[in-house]
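**Student:** First the structure, then my questions, so here it is.
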Amino acid sequence: MEFECQRGTKIGLEDCSIDCVDYPCREKVDTSFIEPSKNPKSFIFGFEKQKSLWRLDGKGGSLSLKCEELLAVNEVLPDCRSITDLPPALISEILNCLEPKELGVVSCVNVSLYRLASEHHVWKEFYCERWGQPILLSPLGAEHADEKSWKELFVEREFRSKTFMGRYSIDTLYGHTEAVRTVSVLSSKKLLFTSGYDQIVRMWDLEEGLSIASSRPLGCTIRAVAADSRLLIAGGTDGFIHGWRAEDGNPHLFDLRSPQNQNMEFRVWEHEGPITCLALDLNKMYSGSWDMSIRVWDRSSLKCLKVLMHNDWVWSLAPHDTTVASAAGSDLYVWDTNIGSELATVTNVHAGNAFSLARSHTGKLLFTGGEDGAIRMFEISRNDKFHLRRVATWIPHSGAVYSLAFEFPWLVSASSDGKLSLIDVRKLLRTNRSYVMEKPSKVDNRAKNVEPPQRMLHGFGSNLFAVDVGLDRIVCAGEEGIVRIWNFSEALEVEQRVRALRGLRLENRMRRRKLQSEMTGKGSRADQCSVAAKKNQLNGDRNSWRNKRRVTGKLKA
């Protein structure tokens with residue numbers, strides 16, 4: 001409910017000594033600050049938010065205020081008629097509480113608010129909490145980044161996130177001779193890494209779909225690969241981690257073809273079982289194994305820092321900051337990597353093993369995929385202790401979900417039924433920056449939250465083992481030994497052309513309206529002149545008829 005003073009409306013204040021029982025005051029209060037604003041662009045303050053300052057009398061419509069509060073407001077905000085009259089620091093705090101869509105609406109009010117809303121620092125927070133730091137793919141580098149504001153970067157990335165519902169093309173990569181178990185996309189360098197039962201790590205150009213290099217056979221099946229701009233690691237079923245360091249001056253970062261070089265290549269052993277999952281962050285490496293442990297490694301010294309023991313085989317892990325989430329058996333865990341303690345546990349997440357795990361960039365959302373074909377979404381809350389709350393459940397597959405990949409707002413899953421499902425999680429999130437979900441209902445979430453995904457991609461054989469997302473592309477591979485890239489960049493180009501045409505049409509429409517209004521204004525003046533001439537002519541005819549009648553009357557007399 002909103003309260004707005006219409007033009008011509010007068011609000012009278014009675015003596016405070018009559019209405020203020022709890023706060024007696026005998027002085028008259030200056031009411032100039034609540035006079036109706038003459039500025040049509042001024043903001044309307046919500047009545048509910050202002051209850052503490054005033055209330056309307058249901059009988060006479062008079063306004064009763066607490067005198068002390070009224071005087072305090074007068075002292076702090078003298079002659080404040082709209083939000084633009086507030087101090088800039090206070091306006092910044094108000095804008096800081098808004099969502100992207102609301103901030104865009106505010107920027108349409110007037111020029112000053114447009115400037116404040118467009119240049120506000122909160123756009124950087126909006127972007128980074130969804131996608132992290134922007135990846136500079138253009139050769140212009142930092143200079144190009146300076147040309148775009150954080151608002152423009154956010155709007156562009158939000159626009160790109162809609163392309164997964166558009167047109168696509170499929171690139172097929174051949175090279176592996178056996179099933180492919182893992183894929184990893186390095187978006188910042190437009191590279192793709194794959195490996196599997198043929199024991200070879202292959203590097204591909206993600207945009208061109210061409211093979212760049214392949215390693216020598218590493219001696220066992222490779223079930224996990226992870227890469228960033230400084231390090232590439234692969235985990236084998238023999239329990240080792242084989243790694244390559246990036247070379248300066250190499251456009252493809254890693255030299256996989258050269259013979260083993262101790263300076264640029266390494267191998268570490270400590271796991272007692274096959275390695276099933278790997279991950280990297282700025283300072284650490286993470287590895288999970290069927291020996292029921294996760295090991296945390298120092299990247300520079302390659303020493304094991306912590307060992308996190310589970311009760312079953314570790315299938316997947318997802319680190320964030322000082323925590324790491326893991327799926328072992330049918331259970332879900334969250335660990336503190338600094339002290340090696342268990343923070344939260346959810347048992348029996350799936351009917352069977354929880355094969356896959358994905359995590360949002362903020363670390364607050366977890367997604368699990370299991371042997372039962374279900375995908376579950378959890379929220380991590382931190383009060384006095386960590387708590388995992390199940391938010392939603394989907395059952396899009398008829399087989400086990402072997403792999404998950406998440407890039408806001410899309411969750412992509414690969415299953416043994418040979419299908420990919422695309423789920424937009426924005427519908428489950430309140431549009432606030434803290435990603436707080438709807439309050440849980442007393443109704444069973446299993447029955448309430450089951451819904452079909454937004455899109456299903458078909459055309460594979462059985463058993464898709466791996467999937468990853470990056471650069472408007474979805475990469476998947478499986479038992480066939482073929483890597484497929486679903487390229488949605490064409491949809492982005494089509495949408496950009498449609499957007500440009502829509503803007504051109506809007507510009508032409510506004511131009512026509514302006515010309516029409518100008519012609520209407522000229523036409524109205526001409527019509528007014530013609531109407532006045534007709535009136536004068538009619539009046540003249542009437543006067544001449546009356547004069548003739550008078551003359552004839554005089555002649556008869």
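The values are calculated or read from the model by the stated rules, or taken from the named source; none is laboratory data. Because the structure is a prediction, the values reported are computed rather than measured. When we count neighbours, we look across all protein chains shown, and the Cβ atoms used for this are built from the backbone with ideal geometry, even at glycine. Ligands, DNA and RNA are stripped out before the accessible areas are found, and what is left, the full protein with its side chains, is counted by its heavy atoms. Shrake-Rupley method; radii C 1.70, N 1.55, O 1.52, S 1.80 Å.
**Student:** What is the residue count in region 313-335 for residues that are of a type in the set (Asp, Glu) and at pLDDT 95 or above?
**Tutor:** 1
**Student:** Let me ask another. Give all pairs with beta carbons closer than 7 Å in which a residue from region 97-120 that is without any contact (Cβ under 8 Å) to a residue 60 or more places away in the chain and over 20 Å from GLU158 (Cβ atoms) meets a residue that is surrounded by 12 or more Cβ atoms within 10 Å (Cβ to Cβ) and not basic (Lys, Arg); count only pairs at least 6 apart in sequence or on separate chains.
**Tutor:** Short answer, once both residue conditions are applied: SER112/THR84; LEU113/THR84; LEU113/VAL106; LEU113/SER107; LEU116/ILE91; LEU116/LEU95.
**Student:** What are the residue pairs meeting all of these: first residue in region 314-327, first residue at positive phi, second residue surrounded by fewer than 21 Cβ atoms within 10 Å (Cβ to Cβ), Cβ atoms under 7 Å, and 6 or more apart or on different chains?
**Tutor:** ASP321/GLY363
**Student:** Could you list, in sequence order, the residues of region 473-524 that are of a type in the set (Val, Ile, Thr), open to solvent by 30 Å² or more (accessible area, probe 1.4 Å) and touching a residue at least 24 places away in the same chain (Cβ under 8 Å)?
**Tutor:** Those that are of a type in the set (Val, Ile, Thr), open to solvent by 30 Å² or more (accessible area, probe 1.4 Å) and touching a residue at least 24 places away in the same chain (Cβ under 8 Å): ILE482, VAL494.
**Student:** Okay, moving on. Would you tally the residues in region 397-432 being open to solvent by 20 Å² or more (accessible area, probe 1.4 Å), in contact with a Pro (Cβ under 7 Å, 6 or more places away or on another chain) and within 17 Å of GLY478 (Cβ to Cβ)?
**Tutor:** Number satisfying all stated conditions: 0.
**Student:** Now, a different point. ARG359 is checked against (1) out of contact with any Leu (no Cβ under 8 Å at 6 or more places or on another chain); (2) under 25 Å from LEU464 (Cα atoms); (3) open to solvent by 10 Å² or more (accessible area, probe 1.4 Å) and fails just one. What number does that condition carry?
**Tutor:** Here ARG359 meets the rest and fails (1).
**Student:** Any residue that is of a type in the set (Gly, Ala, Ser), more than 23 Å from ASP298 (Cβ to Cβ) and surrounded by fewer than 23 Cβ atoms within 10 Å (Cβ to Cβ) - is there at least one of those in region 316-328?
**Tutor:** Looking for residues that are of a type in the set (Gly, Ala, Ser), more than 23 Å from ASP298 (Cβ to Cβ) and surrounded by fewer than 23 Cβ atoms within 10 Å (Cβ to Cβ), one finds none in region 316-328, hence no.
**Student:** Go through VAL349, VAL307, VAL334 for me and flag whichever is more than 27 Å from the chain's Cα centre (by Cα) and either closer than 30 Å to ASP205 by Cβ or aliphatic (A, V, I, L, M) (or both).
**Tutor:** Just one listed residue meets the conditions, VAL307.
**Student:** Being part of a strand (DSSP E or B), closer than 18 Å to LEU332 by Cβ and open to solvent by 50 Å² or more (accessible area, probe 1.4 Å) is the filter here, so list the residues in region 281-314 that pass it.
**Tutor:** MET309
A quick yes/no check of all residues on (1) in a strand (DSSP E or B); (2) hydroxyl-bearing (Ser, Thr, Tyr); (3) at pLDDT 90 or above:
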| residue | (1), (2), (3) |
| --- | --- |
| ASN353 | no, no, yes |
| LEU366 | yes, no, yes |
| ALA392 | yes, no, yes |
| HIS397 | no, no, yes |
| TYR402 | yes, yes, yes |
| ALA405 | yes, no, yes |
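**Student:** Same structure, new question: So, in region 188-198, exactly how many residues are open to solvent by 10 Å² or more (accessible area, probe 1.4 Å) and touching a Lys or Arg at 6+ places or on another chain (Cβ under 9 Å)?
**Tutor:** 1
**Student:** Right, next: Here are some conditions: (1) of a type outside the set (A, V, I, L, M); (2) without any contact (Cβ under 8 Å) to a residue 12 or more places away in the chain; (3) in contact with a helix residue (DSSP H, G or I) (Cβ under 8 Å, 6 or more places away or on another chain). ARG382 meets all but one. Which one does it not meet?
**Tutor:** (3)
**Student:** Is it the case that some residue within region 378-388 is assigned to a strand (DSSP E or B) and more than 30 Å from SER341 (Cα to Cα)?
**Tutor:** no
Condition check ((1) closer than 18 Å to ASN487 by Cβ; (2) touching a residue at least 40 places away in the same chain (Cβ under 8 Å)) across all residues:
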position	(1), (2)
SER149	no, no
PHE154	no, yes
THR163	yes, yes
GLY166	yes, yes
ASP171	yes, yes
HIS176	no, yes
ALA179	no, yes
LYS189	yes, yes
THR194	yes, yes
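**Student:** Scanning for something among the polar types (S, T, N, Q) and farther than 30 Å from PHE126 by Cα, does region 394-406 turn up at least one residue? Give the derivation first.
**Tutor:** To start, the set of residues in region 394-406 that are among the polar types (S, T, N, Q) comprises 398, 403.
Subset that is farther than 30 Å from PHE126 by Cα: 398.
Yes, there is a match, as at least one residue in region 394-406 is among the polar types (S, T, N, Q) and farther than 30 Å from PHE126 by Cα.
**Student:** Give me the residue from region 125-148 that is of a type in the set (D, E, K, R) and either open to solvent by 90 Å² or more (accessible area, probe 1.4 Å) or in a loop (DSSP other than H, G, I, E, B) (or both) and, out of that set, modelled with the lowest pLDDT.
**Tutor:** GLU143
**Student:** Inside region 232-280, can you point out the residues that are open to solvent by less than 20 Å² (accessible area, probe 1.4 Å) and not hydrophobic (A, V, I, L, M, F, W, C)?
**Tutor:** Correct list: GLY235, GLY236, GLY239, HIS242, GLY243, GLU265, HIS271, GLY273, THR276.
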